[in-house]
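Asks: Got a structure here, written out as structure tokens. Questions coming.
All of the numbers you see were taken from the coordinates with simple rules; none came from a lab. Fair warning: this is a prediction, and the values are worked out from it, not measured in the lab. Quick reminder, even Gly has a Cβ in these numbers, built from the backbone with ideal geometry, and neighbours come from all protein chains shown.
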Amino acid sequence: MITREEIIKRTNDALKKEFEFTDAQLVPTAQLKDDLCLDSLDAVDMVVVLEQQFGVTLRQGYDLRTMVTLNDLYDFIEKLARAHHK
Amino acid sequence: MTRVRTWFNTFFIGGAAVAWLAVSTVLAAPFLWLKSHEKDKAVRKFVYIQSLGIVFCMRLASTGLRVKTANRPDGSCVIVANHASALDLYTVSAFGFSNVVYITKGWVFKLPFFRYVMQSAGYIDAQKTSPADMLDLCRKAVAKGCDIVLFPQGSRKDPHARFKSGAFYLAEQLGLPVIPVAIAGTQHMLPAGSWWIRPAQITLKMFEAVHPQNFPGELGHLHMAQALKKQIMDFVDKEENL
């Protein structure tokens, strides 16, 4: 099963490539809206980017309003990965 | 010498520019107010004339102002430009775009005096308008023959900030070509947070229009944003490092 470290690395790599973030910005406590300035369209794009990165469907359970920080996003992907593994 | 020129630019040319905006508005307001038919179009034309006046002042304050234009396609377009100075708002007029609707941040709509002009011209408040309403308002503006102007970086704080993909999503949804515009030098003339107008070389470059169909797929608008940012910023960096 994919490890949390791998989830973090692959998520950050995808976000750096598509949204031009730097390593310094992508700390687990970074707030998606306030620190990373992701708007509603970015949130939709981010789901597509991460789906392509992990090869899973995220959009059904995904809700930006419930995800405040990058850490919440990692948790969400990890939870999906665990459910997928079972 | 540069210090003397900065003083002259700020107090004489800057003063003349502010006076031009104020006096032209006071003189034109009664006529625009009385105009019952296509008032919004008349206000946009008036803003275009005002902007040409500001570009003339920029020319006087600069060490040279060059405008490199290109052929535009027939019909409405989405115009996108980099944004590092308050002067950028006026530069679109240098290419002859006279009937434009700006999509801007909400705080601009709170400025006294400006807000009346912006509301009358039919400009769109990006923060108050939902994505669905934004599309609807843009469709109405396009039906009136307007071009849509956006600064995808959203603010002047970081001249190399990411281009957000909203403008390109809009172009994709409306089926409009996108005209990239590079604005080089204004961040040296009037940087964000400064009131001093420094002498600087200004270059305004309009590129050939790009069609959203060239960027297929679910993330087409995101990839279009990245490609056009590169095109614009490569030009700006080259010009500013001359």
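Asks: Could you tell me which residue of segment B:48-98 is surrounded by the fewest Cβ atoms within 10 Å (Cβ to Cβ), considering only residues that are farther than 14 Å from residue B:189 by Cβ and among the polar types (S, T, N, Q)?
Replies: Filtering first and then ranking leaves B:71.
Asks: Looking only at residues in segment A:17-50 that are within 20 Å of residue B:217 (Cβ to Cβ) and more than 11 Å from chain B (Cβ to nearest Cβ), which one is surrounded by the fewest Cβ atoms within 10 Å (Cβ to Cβ)?
Replies: A:43
Asks: So, residue B:176, is that one in a helix (DSSP H, G or I), of a type in the set (A, V, I, L, M) and out of contact with any Asp or Glu (no Cβ under 7 Å at 6 or more places or on another chain) or not?
Replies: Answer is no for this residue.
Asks: How many residues does segment A:54-79 hold that are surrounded by 16 or more Cβ atoms within 10 Å (Cβ to Cβ) and either free of Cβ contacts under 8 Å to residues at least 24 places away in the same chain or within 12 Å of chain B (Cβ to nearest Cβ) (or both)?
Replies: 3
Asks: Do you know which residues across segment B:146-185 are of a type in the set (Gly, Ala, Ser) and either within 14 Å of another protein chain (Cβ to nearest Cβ) or in contact with a Gly (Cβ under 8 Å, 6 or more places away or on another chain) (or both)?
Replies: Within segment B:146-185, B:154, B:155, B:161, B:165, B:166, B:167, B:171 meet the criteria.
Asks: Any idea which of (1) of a type in the set (A, V, I, L, M); (2) within 14 Å of another protein chain (Cβ to nearest Cβ); (3) surrounded by fewer than 21 Cβ atoms within 10 Å (Cβ to Cβ) is the one residue B:137 doesn't satisfy?
Replies: Every listed condition holds for residue B:137 apart from (2).
Asks: Among B:64, B:53, B:14, B:96, which is the only one that is within 15 Å of the chain's Cα centre (by Cα) and over 22 Å from residue B:150 (Cβ atoms)?
Replies: B:53
Asks: Could I ask something else about it? If a residue has to be within 21 Å of the chain's Cα centre (by Cα) and either assigned to a strand (DSSP E or B) or within 11 Å of chain A (Cβ to nearest Cβ) (or both) to count, how many in segment B:209-221 make the cut?
Replies: Of the residues in that region, 2 qualify.
Asks: Determine whether segment B:61-68 contains at least one residue that is in a strand (DSSP E or B) and touching a Lys or Arg at 6+ places or on another chain (Cβ under 6 Å).
Replies: Yes, segment B:61-68 has at least one match.
Asks: Let me confirm something: among A:58, A:38, A:50, which residue is under 18 Å from residue B:162 (Cβ atoms) and not in a helix (DSSP H, G or I)?
Replies: Sole residue among the options that is under 18 Å from residue B:162 (Cβ atoms) and not in a helix (DSSP H, G or I): A:38.
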